[in-house]
1. Rounded, prolate or oblate: which fits the range 478-582, taking a ≥ b ≥ c as square roots of the Cα gyration tensor eigenvalues, rounded meaning a/c under 1.5, else prolate when a/b beats b/c?
2. Using only the Cα atoms of the range 540-765, what are the Rg and Dmax in Å?
3. Kindly provide the helix-only [θ] at 222 nm of the chain, computed as the sum of -39,500 (n - 2.57) over DSSP H runs of four or more divided by all residues, to the nearest 500 deg cm²/dmol?
4. With a ≥ b ≥ c the root eigenvalues of the C-alpha gyration tensor of the range 299-487, is it rounded (a/c under 1.5), prolate (a/b larger than b/c) or oblate?
5. Mind giving me the FRET efficiency for residue 586 and residue 29? R0 is 45 Å, r the Cβ-Cβ distance, nearest 0.05 is fine.
6. Specify the inter-centroid distance of the range 604-631 and the range 553-587, based on alpha-carbon positions, in whole Å.
7. In nanometres, what is the gap between the two model label sites at residue 110 and residue 604, each 7 Å from Cα along Cα-to-Cβ?
8. Where both residues lie in the chain, what percent of DSSP beta bridges are antiparallel, nearest 5?
């Protein structure tokens, strides 16, 4: 059972008190709020100024994978990078193994190694470890903070606050700048009792996500885990819950630490990284999520979001009805591609027939998860039909340990496939299911097309998230959906003792931190290109609406798909061609048409034909507000009036930290986004760092927009410069001009300047 309380609570001497009870005991709630683990750790890392209410954070380490590090380093180079001032780890777990672009995949890796040598970084070669497993094994420590360019940068179970942000935020750290955020609220996640046998970390995580995502209970807040139930969980179990906190849209996470964490760090050769994190003084929290671990059942997150949560028993009992709802959603999203297949056909006389089981990556590929899966499958068979089962250990040291304890033997004998450390199934670059197939996965996400299908080409597949234990139970049952609690756990005897061989990394990884060789040449493959030039914000903006998305939530995978497009990650122009390709294929063409006008304007602001075209598009304003029209267009030129594209989405930005979701829009001439709210801080920050205006509209104001509409934002530069949060825009729709209230929300001084300069690169080039 999970209960939510949107009211202050206090932890005192490992007991839970209500605010009134705490106050009656003389506890100062304001002072106690400073005693949360989150506040203490963030404060220790902040160069706080008394002039504002912000944390100005310097991190202990940075980490990126190969989808993002080329762009980050290229941005930092353009901004004056000389040397990495802190440990920066470049992993290669997102290498596009199936890339068909010739040398471009490995070219990026060679670039990464040359950058590590030149600037003093850490380089982890392909298939050696997925990004977050390497961080757990080699970087994370109690009381530390790590910033990563992947959204699942979460090491809270080790007492380390991990934050996933877009690349520009890492660039700021590489240039010895700070990560500036308002002091976040902290929500206590209070764990009680212990999970039943067969219930795994993914089950607990999905139950929490289901309780807090849709209501925004922890959005942009820190989740802090404590309570008597923590001691009943192994460290890997805690990590399995923790990594999924990203799917709640929280900012970060942290857990109290104990002897188990101490032992884990010592096992990995880093005993000095341990410190006990607990509550010596009363700690006050802004809200409470209470989790009775004993009541959690095996869970399943059905397409198309980790919050679409049911118990496995519910799906077993009501599969037809539940699947009918998913089919309806699929047809609404994908049209004809989804109409050709019935998910209800998966319901047979034996139960729900699954086509594929995957245990992989930073969430599923742990030693404990795979060892338990091997014991569940010991002496059994995954079957000779369409069902397949693949497992991806999270690192080479994990793989070696699984070989040593016999897990590989048991799994291979059962017909399961063992693969190397690779994030492929998580981002659509490995084990893409067949059209119409149902895949159950212990990975992080099941967003639309995240698994690699292409609806535009008539392909739709379905991914559900489950725990490794229940995936193994399903595999042992020939692919019939089965919760692991149905197994006889008295007969499953599993030794979870673990040995870690750090020598694997010592023999293969490059560690140049503190030993930069500035004369080292970067190796630039033919696909690695610089960012195109970007203009400063003009005085006025004419925004052409080029896409309107009215779904409740729009993910970053819809804004820029992952999978095979990732092979183009180091070429901004080529990658931008895929922007919104699986959600609105017409977007790129429309955006390019608008961009062509802006290019013409910059070349000749006095171009009469272009002026006439833009003035005509805004002509309805001349009737309703002639003075404003004269103010903007009266000069007869467009020297102060920029032309750009914009999209409207109800709630964009859920999902990945990849800044490409924003930078690709900017590369195609985007100047702004229009939204009712932004799903995550990181997507909004990405927009800002790429010089895009993150406009907010009142609920319902954008729902009637259509591509071809125009939004005029007069004196936008002046408004941003003067920190005007709300400004007047003009919507031109169906030949009529209508006032439109636009809000930018809160912006720091640096964020305003970045927007004014046109992007973060320009910001640094101008001497900031």
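None of the figures in this text is laboratory data; all of them are computed from the coordinates on show. Bear in mind that the values here come from a model prediction, so they are computed numbers and not experimental data. Note: ideal-geometry Cβ built from the backbone for every residue, glycine included; neighbour counts use all protein chains shown.
1. Values: a/c = 3.20, a/b = 1.33, b/c = 2.40.
Taking the square roots of the gyration eigenvalues as a ≥ b ≥ c, the range 478-582 is oblate.
2. Gyration radius and largest Cα-Cα distance of the range 540-765: 16.6, 51 Å.
3. Values: 30 runs with 253 residues, N = 768.
That calculation yields -9000 deg cm²/dmol at 222 nm.
4. On the way: a/c = 2.02, a/b = 1.51, b/c = 1.34.
Prolate, because a/c is 1.5 or more and a/b exceeds b/c.
5. Values: r = 53 Å, r/R0 = 1.19.
Plugging the Cβ-Cβ distance into 1/(1 + (r/R0)^6) gives 0.25.
6. 34
7. 4.4
8. Working: 43 of 105 bridges.
So the antiparallel bridges amount to about 40 percent of the total.
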